[in-house]
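Structure record follows, encoded as structure tokens.
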Amino acid sequence: MAHHVDADTLQQWLTNGQAVTVVDIRTQEDRALWSIPGSIHIDAYDALRQGSQGALADAHFPLDTPVVTICNLGRVSETAAAALSERGYDARSLEGGMKAWSLAWNTAEVRVANNATRVIQLRRTGKGCLSYLVGSKGQAVVIDASLPPEVYLIIAAEHGLRIHFVLDTHIHADHLSRARGLAEKAGATLLLPPQDRVRFPFTPIGQGNSITFGEAALTAVKTPGHTLESMSYLLNGEALFTGDTLFLSGVGRPDLHADAGAAAERSRLLYHSIKGLLALGPAVLILPAHAAEPVAFDKNPLVARVSVVAERLRPWLTSEEAFVEQILKRLPPTPANYARIVEWNEAGVLPTGDPTDLEAGANRCAVT
Ligand SMILES: [Fe+2]
């Protein structure tokens, strides 16, 4: 019988830098969609499912560290763990597979010039969502919460912070927003860009509006395109939370467009929004809501200055027409679950049961 390990424990091991060999036995196709940072890939899925254990017979790993086998749902990985156990390895199957791993996260601190301000990047590594806890003098805000509210409450408490404001940059389509739930649990004010999409009470934060917490200030900058209501937030004039409008080496997709004409119009808006953000100054730090790849357990924040991002995007931004053409040409297909996630986010409730049932799958927020 195979031994098991749950996603929380594996997350803890990787956070602590404990030696572990993570063996991803899925197909090349599944592996390409998302993976666990540092994992080894052996495409053994079909062979194991057909009862052949030969696919892992030639695999050799360090004998003195645990081996964790990974598949999509944690069933075929049991067969893999059993086969490796018979060969003397301390092998365990990840319970729930990549679906359970979808909620795994780690953190990194972003250095900012203002000494009184701390910026913690919370990375949902199993899905690529980035959210932020920003604190100053005991008061904090959370931006684009994508993890269970308890995670933010724990990290805030660890830093001696109380969450006063919870903000989303836009109505998300790739993950179930935890902003409303977090605001309720923290007794914080929920701030959203002005729009008539959501069906629950919130405090609108419009273009140029600011909130202050401790010695820090966050100012809203309207950036339509990815969605019509998309807002970015500028912290102390030096760091910019861009949501899905601008990534470190890509731009947001015009989200959930009804047709090609709408996508073109959104792309035009996005072009001007991005030009506006890049004009805020070369030293401004860009802090997006998504990573392009599974986020490593390395405590290195995913951040870049405007000057660096502008250089990466230079070929895209030669003209509005060229930009729109590029976006439309590269637009990835809208994942099937996006429309349903939007419905839940507009209602402001989480589906009953396991939220990863809906959230699992490829992340396609960016055009790169
Ligand atoms: Fe989005």
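Of the residues examined, H172 is one that is within 16 Å of the ligand (Cβ to nearest atom) and either closer than 18 Å to P193 by Cα or in contact with a strand residue (DSSP E or B) (Cβ under 7 Å, 6 or more places away or on another chain) (or both). Being open to solvent by 10 Å² or more (accessible area, probe 1.4 Å), of a type in the set (A, V, I, L, M, F, W, C) and away from the ligand (no atom under 12 Å from the Cβ) holds for only one residue in L190, L182, L256, and it is L190. Taken over the stretch 323-361, the criterion of being more than 18 Å from L147 (Cα to Cα), crowded, with 17+ Cβ neighbours inside 10 Å and β-branched (V, I, T) is satisfied by V324, I327. Pairs are defined by a Cβ separation below 6 Å, a sequence spacing of at least 6 or placement on different chains, a first member in the stretch 171-196 that is under 17 Å from T245 (Cα atoms), and a second member that is in a loop (DSSP other than H, G, I, E, B) and open to solvent by 20 Å² or more (accessible area, probe 1.4 Å); the pairs so defined are I171/R197; A173/L256; D174/N363; L192/F202. Scanning the stretch 143-162 for residues that are surrounded by fewer than 21 Cβ atoms within 10 Å (Cβ to Cβ) and at positive phi yields a single hit, G160. Looking across the stretch 234-253, the residues that are part of a strand (DSSP E or B) and within 15 Å of the ligand (Cβ to nearest atom) come down to F241, T242, G243, L246, V251, G252.
Can you tell me which residue is surrounded by the most Cβ atoms within 10 Å (Cβ to Cβ) among those in the stretch 1-12 that are touching a residue at least 24 places away in the same chain (Cβ under 8 Å) and within 11 Å of R92 (Cβ to Cβ)? Taking the candidates together, the pick is L10. Candidates A336, A296, A292, A322: the one that is more than 30 Å from A113 (Cβ to Cβ), not hydroxyl-bearing (S, T, Y) and not in a helix (DSSP H, G or I) is A336.
Within the bounds of the stretch 158-169, is there any residue that is under 17 Å from the mean Cα position of the chain (by Cα), farther than 18 Å from F200 by Cα and within 16 Å of the ligand (Cβ to nearest atom)? No - not one qualifying residue is present in the stretch 158-169.
Would you confirm whether or not the stretch 212-232 contains a residue that is modelled with pLDDT of 95 or more, open to solvent by less than 20 Å² (accessible area, probe 1.4 Å) and assigned to a helix (DSSP H, G or I)? No - not one qualifying residue is present in the stretch 212-232. For A104, the stated conditions do not hold, so it cannot be described as assigned to a helix (DSSP H, G or I), touching a helix residue (DSSP H, G or I) at 6+ places or on another chain (Cβ under 7 Å) and open to solvent by less than 10 Å² (accessible area, probe 1.4 Å).
The values are calculated or read from the model by the stated rules, or taken from the named source; none is laboratory data. No experiment lies behind these values; they were computed from the predicted model shown. In this analysis, Cβ positions are derived from the backbone assuming ideal geometry, glycine residues included, and neighbour counts consider all displayed protein chains. These area figures cover heavy atoms from the full protein model, side chains too; ligands, DNA and RNA do not enter into them. Shrake-Rupley method; radii C 1.70, N 1.55, O 1.52, S 1.80 Å.
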